[in-house]
Every structure is written in C-alpha cells, then in structure tokens.
Amino acid sequence: MSETQTAAQQSNQTGKASAGPDAAVAPSGAEQPAPSQARGKDPGTISVAQLPRQAVETLRLIEAGGPFPFEKDGVVFGNRERLLPRHPRGYYHEYTVPTPRARDRGARRIVCGGPKRQTDDCYYSDDHYASFKRIAG
C-alpha cells in the first residue's frame, strides 16, 4: 500500500476530504446547487401545464398587475444566489405561489424578469430559491 493510499483511506475514515490549499471544500451537510443550477447556468424548463394550479393563477395575476395576496409580491428579487441569468438589479421581481395548508407564504415562488406584467422570462421555484425552472410558454 502506498503512502497516498494510506492518507486517502485515513481521510475517508475520518469523513474529511483531503484537498490542496486552493481547493474549496463545502462543510459536511452543506447543500450545493445541482450542476445545472450553478451560477446562472441553464436551470431547465417546466411548461405552464406542469405547474401547480396555484402557480398558473399567480402567472395570471402577474399579467393582470394584481391584486396579489401577499404584501411582498412584486418586490425586487436580488438574485443573490446567482442561479438565474445575470441582469441589473431591479430586473427580477418575485411573487408568492400559495401553498395549500401553509400558515405562511410557503416555499413556492415565481420570479419574472423584465417589465412588470410581462411573463415571458419567468422562473418557478418550489424550494424557496434553492433551484429554478424556466417557465416555457
């Protein structure tokens, strides 16, 4: 057994990955975005027909300009996670997709880019911004 193999085995036994000084190692249990969700990459798509009915209704409200059920609907979404394509601050706005039986706003959101009432650059998240799918026609 080589010295390298021994170090790797010890690393596996302690649960720590060995990495060079410049390597970034996520803490154990940290959530990492799926490869397709890493920093503005293509997030995948979902059709309007695949959305929950509450999301379809939220899209209708966005197109109509409201009224929205939650005070925070329509506020600027900062894209701090950088999962959506990069645009200047103020481009994206977020809207709540009501979750049945939830006591609060829940985790479901639609984020739309461009002018308000426009729904041709919208994304759906069912996990409070941990991932997005572009809403396709």
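The values are calculated or read from the model by the stated rules, or taken from the named source; none is laboratory data. Here the structure is a predicted model, which is why all the values come from computation and not from measurement. All Cβ positions, even for glycine, are placed from backbone atoms using ideal geometry, and neighbour counts span all protein chains on display.
So that you can scan it fast, the table gives a plain yes or no per residue for (1) surrounded by fewer than 19 Cβ atoms within 10 Å (Cβ to Cβ); (2) touching a Pro at 6+ places or on another chain (Cβ under 6 Å); (3) at pLDDT 95 or above:
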| site | (1), (2), (3) |
| --- | --- |
| G90 | yes, no, yes |
| Y95 | no, no, yes |
| R103 | yes, no, no |
| R108 | no, no, yes |
| V111 | no, no, yes |
| K116 | yes, no, no |
| G137 | yes, no, no |
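Cβ separations smaller than 8 Å between residues 6+ apart or across chains give the following pairs from the range 88-102 residues that are small (G, A, S) to residues that are exposed (fewer than 15 other Cβ atoms within 10 Å of the Cβ): G90/V76.
Across the range 76-94, which residue is nearest to G106 (Cα to Cα) among those that are within 15 Å of the chain's Cα centre (by Cα) and charged (D, E, K, R)? Here the answer is E94. Would you mind telling me which numbered condition in (1) over 14 Å from F132 (Cα atoms); (2) at pLDDT below 95 D42 fails? Exception for D42: condition (1). Selection of the range 118-135 for residues being under 17 Å from A64 (Cβ atoms) and surrounded by fewer than 16 Cβ atoms within 10 Å (Cβ to Cβ) yields Q118, D120. Against the numbered list (1) buried (at least 17 other Cβ atoms within 10 Å of the Cβ); (2) modelled with pLDDT of 95 or more; (3) closer than 19 Å to A55 by Cβ, N79 comes up short only at (3).
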